[in-house]
Amino acid sequence: MVKIDELLSALNDEQIKPVLDTEGAVLVIAGAGSGKTRVLTTRIAYLVLEKGVSPAEIMAITFTNKAAEEMKTRLFSLIGDSYDMWVSTIHSMCVKILRRDIDKLGYDKYFTIYDETDKDRVLKRVIEELGYDADKVFKSAKAAISNAKNECVSPEEFRRENCNLRLAEEISDIYEEYEKTMSRSNALDFDDLLYKTYELFVNFPEIADYYSERFKYIHIDEFQDTNKVQFAIARILAEKHGNLFAVGDDDQSIYGWRGAKIENILSFEDVFSGAKVYKLQRNYRSTKKILELANCIIKNNRGRRDKTLFTDNVDGTKVETFVGTDENNEATYTADKKSYDTLRLSLF
């Protein structure tokens, strides 16, 4: 366990401000290579070591198992054993919640989680049993059902709201029957882990109140990649205490194709009244030449929060441009260039 003064002294002026701002909704716009993980973990350590907050009252959510493990490792080095703190992916968090209370939705607590192969098998069987042509509707139905769950849309709402959609009747039938089949099998797919947690919170407010009361400080990493159902769960969890700490970068949002809503980070202050916004713009990873090019490119993005990354690193090599005919041409050029540079270094 380290001393909090040592931790804070390692932060720059931009980083220390959100660490010390512990109450209410806080959004940190963290540019690439600006030390966002350090800020998030230091803030949690500050809450525990300086503010006396119990680890059991803190939740930290990220979006990959690798990131969650890295966060756990860093926190262990900072505050020691904190096994009762929830540090996980949002899907793992939802599994914990569902294992405790999913019986309220008619499922057994020992439900099975289907992978994509299992999900596809069930969906194709449902389509065939309904008498539809799987070759024609499978891909559309799979995408529509996944999108519906990410948008918090039930089968009944989907039928009502999408009557003009191509294959609307077929997909509505498939969505309803798929849900019934999964329920009979006591199984959830990956989207269900989030959607059923949302359903549980909405239909049983006392369960939402329990978790919202328990976790006084909610931390969410990669906030730019949250979709509607993830954002809804975050709002519910932060309802009681209002202490939501979100870290993200609208310029690094790349998951719109799987339902991520950039609006979640752009409208943060509108949703959470009184929210504070901080920016991390000092880059520790790149050279000045690379940052100059990056700033020049991203400033043209629409719907973004203004920021300009800077660094004290060296100027670095001038950035070159190569336009390939296709991805194979690009890969060949890169491999040849790397081989040439390696050979040149070995000679000189």
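For the stretch 98-228, take N as its residue count and report Rg(C-alpha) divided by 2.2 N^0.38 Å. Spell out each step's value before the answer.
Details: Rg = 16.0 Å, N = 131, 2.2 N^0.38 = 14.0 Å.
Ratio of Cα Rg to 2.2 N^0.38 Å: 1.14.
Taking a probe of 1.4 Å, how large is the accessible area per residue of the chain, in Å²? Don't jump to the answer; show the numbers that get you there.
On the way: 18450 Å² over 348 residues.
Dividing the accessible area of the chain by its residue count gives 53 Å².
Beta carbons within 10 angstrom, averaged per residue: use that to sort the peptides 234-241, 29-36, 45-52, highest first. Please list the in-between numbers first.
Working: 234-241: 18.9, 29-36: 22.5, 45-52: 17.4.
Highest to lowest by the protection proxy: 29-36, 234-241, 45-52.
Where Rh is the Kirkwood radius over the Cα pairs of the stretch 56-116, the temperature 25 °C and the viscosity 0.890 mPa s, what D in µm²/s does Stokes-Einstein return? Intermediate results must be reported in sequence, preceding the final value.
Numbers: Rh = 13.0 Å.
For these conditions, the coefficient is 188 µm²/s.
Gain in length, Cys163 to Lys139, computed as 0.36 nm per residue apart minus the alpha-carbon separation, to one decimal in nm?
Details: separation 24, 0.36 × 24 = 8.64 nm, distance 1.85 nm.
So the chain would gain 6.8 nm between Cys163 and Lys139.
Tell me the volume per residue, in Å³, of the convex hull enclosing the alpha carbons of the stretch 158-239. Walk me through the numbers before you get to the answer.
On the way: hull volume 10.7 nm³, N = 82.
Output value, Cα hull per residue: 130 Å³.
Please report, as a whole percent, how much of the solvent-accessible surface of the chain comes from carbon and sulfur atoms (probe radius 1.4 Å).
On the way: 9110 of 18450 Å².
In the chain, the share of accessible area belonging to carbon and sulfur is 49 percent.
Beyond 19 Å between alpha-carbons counts as too far, so tell me which of Lys276/Lys299; Lys72/Lys96; Lys119/Lys196; Lys136/Lys180; Lys124/Lys261 fall in that bin.
Working: Lys276/Lys299 23 Å; Lys72/Lys96 17 Å; Lys119/Lys196 16 Å; Lys136/Lys180 22 Å; Lys124/Lys261 29 Å.
As for pairs spanning more than 19 Å Cα to Cα, those are Lys276/Lys299; Lys136/Lys180; Lys124/Lys261.
Please list 177-186, 119-128 highest first by mean number of surrounding beta-carbon atoms within 10 Å per residue.
Details: 177-186: 15.6, 119-128: 17.2.
Order by mean packing, descending: 119-128, 177-186.
Among the DSSP beta bridges whose two residues both lie in the chain, what percent are antiparallel, rounded to the nearest 5? Mind showing how you got there, number by number?
On the way: 0 of 23 bridges.
The antiparallel proportion sits near 0 percent.
Which order do Ser88, Ser140, Ser273 take when ranked by solvent-accessible area (1.4 Å probe, heavy atoms of all protein chains), largest first? Working shown, then result.
Values: Ser88 15, Ser140 45, Ser273 115 Å².
Of Ser88, Ser140, Ser273, the descending order of accessible area is Ser273, Ser140, Ser88.
Ratio of the chain's C-alpha Rg to 2.2 N^0.38 Å, to two decimals? It would help to have the intermediate numbers written out before the result.
Details: Rg = 23.4 Å, N = 348, 2.2 N^0.38 = 20.3 Å.
Expressed relative to 2.2 N^0.38 Å, the Cα Rg reads 1.15.
To the nearest whole percent, what portion of all C-alpha pairs in the stretch 178-324 is separated by more than 20 angstrom?
Details: 6642 of 10731 pairs.
Of all Cα-Cα pairs in the stretch 178-324, 62 percent lie more than 20 Å apart.
Please give the FRET efficiency for Asp5 paired with Thr37, using the beta carbon to beta carbon distance and R0 = 25 Å, rounded to the nearest 0.05.
Numbers: r = 21 Å, r/R0 = 0.82.
Using R0 = 25 Å, I get an efficiency of 0.75.
Students often get this wrong, so check it: of Lys51/Lys240; Lys17/Lys51; Lys307/Lys337, which have C-alpha atoms separated by over 21 Å? Display every interim value, and only then the final one.
Values: Lys51/Lys240 19 Å; Lys17/Lys51 16 Å; Lys307/Lys337 33 Å.
Over 21 Å apart, Cα to Cα: Lys307/Lys337.
Divide, for the stretch 112-184, the radius of gyration over alpha carbons by 2.2 N^0.38 Å, where N is the residue count. Please list the in-between numbers first.
On the way: Rg = 11.4 Å, N = 73, 2.2 N^0.38 = 11.2 Å.
So the Cα radius of gyration is 1.01 times the expected 2.2 N^0.38 Å.
Which FRET efficiency, nearest 0.05, do Asp120 and Glu327 yield, Cβ-Cβ r, R0 25 Å?
Details: r = 27 Å, r/R0 = 1.10.
The formula returns an efficiency of 0.35 here.
Debye sum, Cα scatterers, the stretch 15-96, no solvent: what log₁₀ I/I(0) at q = 0.13, 0.14 1/Å?
-0.39, -0.46
The values are calculated or read from the model by the stated rules, or taken from the named source; none is laboratory data. All figures in this text were calculated on a predicted structure; none of them were measured in a lab. Reconstructed Cβ throughout: ideal geometry from the backbone, glycine too, with neighbour counts over all protein chains shown. Accessible surface areas use protein heavy atoms only, side chains included; no ligands, DNA or RNA. Shrake-Rupley method; radii C 1.70, N 1.55, O 1.52, S 1.80 Å.
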